[in-house]
Amino acid sequence: MKAAETARTNPPQAARVKELIEHRNALGRELVSRTNARDDVVSELRRIEGDIDVARKRRERDEQRLGQTAIARDALAMQEEIAALGNRIDQLETLELELMERRDEAEAALAEQQALLDETTGEGRRLSEEAKQAVASAARELAELERDREALTGRLPADLRSEYERLAARGIGAALFTRTTCGACRMTLSPSDISAVRATPLDEVAHCPECGTILVRTNESGLNASAEGGVRFE
């Protein structure tokens, strides 16, 4: 029953689910960081694209004006500005290509992080579902064990049942006594204590002298009759 109760309150998947939640939070923070980095590059790229558009329109306007002017001085000034705008556009287009490359790298890094997050989320959901099923199974097992215990203890004498329930309220009510060892406290009894248990009739309750638990005696208890006399417990 203890194992079923442990499975109900602390399913085996719980520790891993807790790890995954912490890992997912860390992945989520990194995802936000990479998203911001991508957005910064995209914002800068849009600004450069806007600057290129403005420079191109201005160069087109100057080229049109150049074809309409008859004043040499004005024509020379326009030619110089057109040349400067051409250089400016070349620089901006080079920067644009660099930003496009950085954007692609940022998008790849973001997609990679999203994939890790999705993978962690998927595992967490799967384990959470398994944990729910384990808890439900353990709850059913506990209910069955409780019914079995009620059926069994219902056949016990009232005083024995009362004593068992008193002991169970503080820890373990009864435990197997196997190879001279108490199944509750795991203590191996001394020769004198073993003799005392051996001398206790089957129709009387034997207690562990260390922890007070009711000892359930079987053929595996190591209480075969000795030369001192006593009872073999079947």
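Laboratory data are not the source of any read-out in this text; all were calculated from the coordinates shown. Owing to the predicted nature of the structure, the values given are computational and were not obtained by experimental measurement. Counting neighbours? That spans all protein chains shown, and the Cβs are built from the backbone with ideal geometry, glycine included.
Of interest is the spacing of the C-alpha centroids, which for segment 157-216 and segment 13-34 amounts to 48 Å. Amide hydrogen proximity for Thr200: with H placed 1.01 Å from N in the peptide plane, no residue at 5 or more positions away or on another chain lies under 5 Å.
Per-residue ellipticity at 222 nm, computed for the chain from helices alone with -39500 (n - 2.57) per DSSP H run of at least four residues, works out to -25500 deg cm²/dmol.
What does the net charge come to around Thr178 if you take all other residues with beta carbon closer than 13 Å to its beta carbon, with K and R at +1 and D and E at -1? Spelling it out: positives minus negatives among the neighbours equals +2. Checking [x] 136, 34, 23; [y] 67, 47, 30; [z] 49, 46, 39 against Cα extents along the principal axes in Å calculated from these atoms, the matching label is [x].
Proximity of backbone amide H atoms, modeled 1.01 Å from N, is registered between Leu176 and Gly183, Val216 at under 5 Å, excluding neighbours fewer than 5 places apart on the same chain. Measure nothing fancy, just the Cα-based angle from helix 14-66's long axis to the longest principal axis of the chain, in degrees from 0 to 90, nearest 10. Helix 14-66 sits roughly 0 degrees off the main axis of the chain.
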